[in-house]
1. When DSSP beta bridges are limited to those with both residues in the chain, what percentage is antiparallel, rounded to the nearest 5?
2. What is the projected area of the convex hull of the Cα atoms of the chain, averaged over all directions, in nm²?
3. Once you list every other residue whose beta carbon is under 15 Å from the beta carbon of Leu892, what net charge do they have if Lys and Arg are +1 and Asp and Glu are -1?
4. Check cross-link reach from Lys1195 to the lysines: straight Cα distance under 21 Å, and skip same-chain residues fewer than eight apart.
5. Using the count of nearby Cβ atoms within 10 Å as a rough guide to exposure, how do His183, His638 rank from fewest to most?
6. Based on the mean of other Cβ atoms within 10 Å per residue, sort peptides 507-520, 409-422 so the most packed one is first.
7. Work out, in µm²/s and without decimals, the Stokes-Einstein translational diffusion coefficient of the range 226-462 at 4 °C, 1.567 mPa s, Rh from Kirkwood over C-alpha pairs.
8. Among all the lysines, which ones have a C-alpha under 24 Å from Lys13's C-alpha, if same-chain residues fewer than 8 places away are not counted?
Amino acid sequence: MTTEGQINICIFKPLRGDDLPDDRPGRLSAHLETANIKCEESHVPSTSFILTAWALFLKTYLATTAVSFSTLGFRFDSPADEASENALVHSLEFKDHDTISDVLDRTLASTSWKPLDTTASPCFNTLLLYRSAETSTSETASQMDICLVVTDRRELGLSLDMNICGTKFSSSITYRLLHTYRHILVMLSTASLSQTIATLCPLTRDDLQQVRRWNQRPPRRHDACVHQVFERQARRRPSSPAVCSWDGELTYAELDKLSTKLAHELSRLAVGPEVFVPYSFEKSLYAVVATLAVLKAGGAFVPLDSSHPQDRLRSIVSRLGAKILLASPGTSSVFQGMSLHVLTVDQPLLDRLPDQTHDPETEVGPRNSAFVLFTSGSTGEPKGLVQEHSSVCTVNAAYGDSLFINENSRVLSFAAHTFDVSTVDVFATLSQGGCVCIPSEDGRLNDLVPVINEFRVNWVDLTPSFAVASIPCPEEVPTLETLVLAGEGVKREHLAHFVGKISRVINCYGPAEAGGCLAQVYKSVTCQPQTVGRPPKSARCWIVDVNNWRRLAPVGAAGELVIEGPTLARGYLNDARKTKSVFFSRSSWTRRRSYGRFYRTGDLVRYRPDGLINFVGRRDTQAKIRGQRVELTEVEDHLADDASVSLCLVEFPRSGVYADRLVGVIQPRLCCDDAVTLNLVPTETLVHSGFSVHDLAARLSRRVPTYMMPSQWLVVNSLPLTDSKKVDRRRVRNWLADMPVSVSGDPCPLIPLENKLALELSRKVSALAARGNERVKAALDGRTFDLAATGVDSIQVMTLSRWIHEVYGLKLSVNTLTASGLTIEKLAELIAALQNGHKQLEAFDMRGEVSSLSKLCSTPKSGRLQHLASTKAVLLTGGTGFLGIEILRQLLCNYDVDIMVHVRASSLHHGRDRVVSAANKAGWWSEAFHRRLEIWIGDLGHVKLGLREEQWNRLIGGDSMIDVIIHNGAAVRWNQAYESLRAQNTLSTVQLLEAMTSRRRTGRFVYVSGGQALTSEVDDEDQMMVNSVDLTGYAQTKMVSELLVKRFASSEPGRRHTVRIVKPSYIIGDAQTGRANQSDYLWGLTRSAIELGTYSRESLDGWLYVSSVDRVAEAVCQICKPGISTSSLVKMLDGLPMREFWDMLKRDFGYELEAVDGGEWWSSLLSHVERTGPGHCLWPLQHMLEAERGEVASKVTVLTPEMTEGTTRTLEAMRKNIQHLKEDARFFWNRGDGASV
């Protein structure tokens, strides 16, 4: 019987407009007649032509080489003209250079058809019904979206009746489809059998005339230079805002003045027409000044991303022949040593340049290059796209009408400079007299809603997925009037999210080679999301045959989009072959008023019946990932160069569990017994062979940008090959689409049906992990998999813990549920064992952990050390957090040192912006700090903290040696097990201590501990280890690290250095600003008490250990002072009586709070959390609640001077923090207002 695995997926998708009348019939029909089908060359039966014509019809409209469809009335075991009611399914695959005879023979072959299994899932939706007399149509016909009934009327010829689904197709398309089929049938039967099917043109005369009518308006050119258009606006509106940026504002007159000054300096440095000037900036107003200055000097700017691999940057600079590069203070160091003059553009430079009254003398004109964009290239090298002034001005003028940019527009400059949309954000806006709004890097990526509101943005261009994620509630951005969705396909859920809530939602399509050439304004949520609209006045759009770009495709058929008009780029820099392959000058379908230049996009689209265009997908190996265009073969070329790779393929699936993710499929150079293609290699085999995906990815990351890195890797025994010995991309693509969810590269095994407990757990966890994705849930349900690998978050872990307690009466710790390697079946075994009276898993052996790790840093690896006379350079980890940013402030303000901040970021831009944004939020940043701040990109969980070799060497010796290491960084995830956090929190400490043992000079090291209960007494390490069993995984990592530092300090290598541990408890904002750490456990508990109106009287006499952030930072930074005492543990014993805390809330802030017994308090608090559920701020922290029964104070018998001497200051800080939280609308405390923090 025929099944899905034996046939081709062949779905004819709907073709209609957006508005369907209410009285539309359920089925639409059309009728044509044609003469008898006869072939003079042979005795091929007419039914064979009818079948083959239908197969070619589907091939044409679906742009595929493999088709399947059902038939009725055809018999192949008797004379073909004799009809039968047997239901069949036909599957045909077309090959290059097939003749008509080849296809006819294949149609008749017994291997091309089989009886239809009606119980199989439908892989096709068309039916071809043949009958020799006027009989009633089978019921099967009405079940198919498209049914063609061919009635053989003998001498009278053939009667063709098409019957299609009225809710999916427009009535006008019915006749077009039927005319095309008749056209193909007549061509097929009258052509020579030796003629190839590629020579058959399926386009009807009626379709050609219709397409010409849709494109009758010639494109309109705008001959001007980009900077000249800006200058006209500057003369018209000198005092209007041109740029509003996080780092300053400029009017049109000010921007004109500054860019002219800089243009003269560039002209002096030999910048002129056809001189390419690369530039690299963070998001900043100086980037706008710099690019405008390059244009005024006559040159062409070329954006570069300083975070890209050095080899890529050097290659681009070399290909440009660049002699000068413009950079910011934060990026200039990246380009040192590249044999070109790096000019740092900042305010001091602009202040030094003399004022100018006019632009430099230059012969630049509309046909000169304006900028070059480097995108992914299919040869492994990035390709440089050259855009001329005229094409840029033409598309910018068109945007005014099609995208509604005008003088009132406040446009968010969101896109990265290397992305073509960035030029639209800036120069289309300035050409229309609008204002360019530039957020910080951190703001644009992490906090877009406040950015839009702060800048009063009313126009923004975003990728649909990012738009939904960053604007979860469109009502929160009332100023936003126009949202342009571009860079990736729009989906139904995107429309539902925005349409009707934002005034104007537009789908804009356009490759960098042509600018925005299609736009569609969505009028309602019922609009088709895939519709990209009509071209603006600047372009014409044609749809050509996917197999022959010299001829047009029929209306409704999927074909390649070809763009005509003056918006097209000049071509690819120094690559005439590549330019000629996609740009051409003449066409057979344009008769007059043709612009005469065309670009083949490689994108598949099709006409709707009303002339609008729907996007279908890519026809080659390009993909759009978060708006960035990626040439898959470029990534493949880099992977193929790796010595460990035998074959590889990179894909971007559109469906399945890997949908919309870049996937690398690798066939490694290792011997495997199993030669079956597309079998995943087991992890054990990989380990034994020495092949490492992690190492392969690390090597690739040094050659391609982050956005070109696969997010998923699959290692297979063998990749399938085509007849030409190339990797069979179509087969791999189908394999990926159909693959079930996998964990760690191995498929998730099915759970035996008799294991009821494991099946029940699998059902629960799969529902949590899927987060509403039914396909993922279905793929996981009934299988065993690693819980941690599914990515369940803290709220989901706690939800699972509560569910296990309710269903099985067992309390499993969060550490247990997040332990590495815990699969569904292992969890079932654990629950069964506990129900039978066995103990839980073995407790964490902290003593053994500390003992084994301390040996790694107990032996000195260097001889006699040079003495550290002064402190010049400091490395700070965790510098963007609540405490870290205050440590950084004090270092910058109170110490004459240079600071290297270890930051986890995607680029230097991003890293510096994270630091600056955090400092701005804390209210203290100054531009003067840039020169003393160096960003070190890394990851605490990686080897050598993810630092470059030259950076790591600065920790142990050589020039520019780091004098002080402040290790404040850690992954703060309360609901993860020790093993999950060990690399980032514990092993990072071990690696830094190892670095201290290798130093050639004495150094200073301070470790910031925490996560544990504080006491004024001397710590008993034995008792600490005993108590560690009940701690969270995070607290365990901090305790192990603290004990390791203590042992290091007392060891021989440690005594050579100055080592300090600073151990705080709760940390609050300082007394000046009161900026509280709003996610802190202390404030969540306080809010809950206020909502309940009660608190515990049991701890009223206890001491609340709490310090202001400036006090803790001061204790950390003192290690930088000369003459600091020997190694010590500094406990932050500041605080206040718990009674005073509750009295303050009642006395100073008017909260009605009542002291109740501890048991009553705990019971009401627990009920409150359970009643609210996962939305409660304390829901994921219930293990902390249970450990302390809702108490935060410590019992003390004697108050020491160290505890009480700062109480007045602590009270002031506490009062200021509470006031700050009350004034924050998101954290306003009022009894009964809900508990979601």
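Values in this text are rule-based calculations from the coordinates and carry no lab data. Just so we're clear, the structure is a prediction, and the values are computed from it rather than from any experiment. Please note: Cβ atoms are built from the backbone with ideal geometry, for glycine as well, and neighbour counts cover all protein chains shown.
1. Taking every DSSP beta bridge with both residues in the chain, the antiparallel ones total about 50 percent.
2. Numbers: hull surface 214.6 nm².
If you wrap the Cα atoms of the chain in a convex hull and average its projections, you get 53.7 nm².
3. On the way: positive: Lys872, Arg889, Arg912, Arg931, Arg932; negative: Glu886, Asp896, Asp898, Glu927, Glu934, Asp1110, Glu1114.
Spelling it out: positives minus negatives among the neighbours equals -2.
4. Lys1063, Lys1131
5. Numbers: His183 22, His638 19.
Lowest to highest Cβ neighbour count: His638, His183.
6. On the way: 507-520: 25.1, 409-422: 23.2.
The packing order, highest mean first, is 507-520, 409-422.
7. On the way: Rh = 17.8 Å.
In µm²/s, the coefficient rounds to 73.
8. Lys59, Lys95, Lys168, Lys491, Lys523, Lys624
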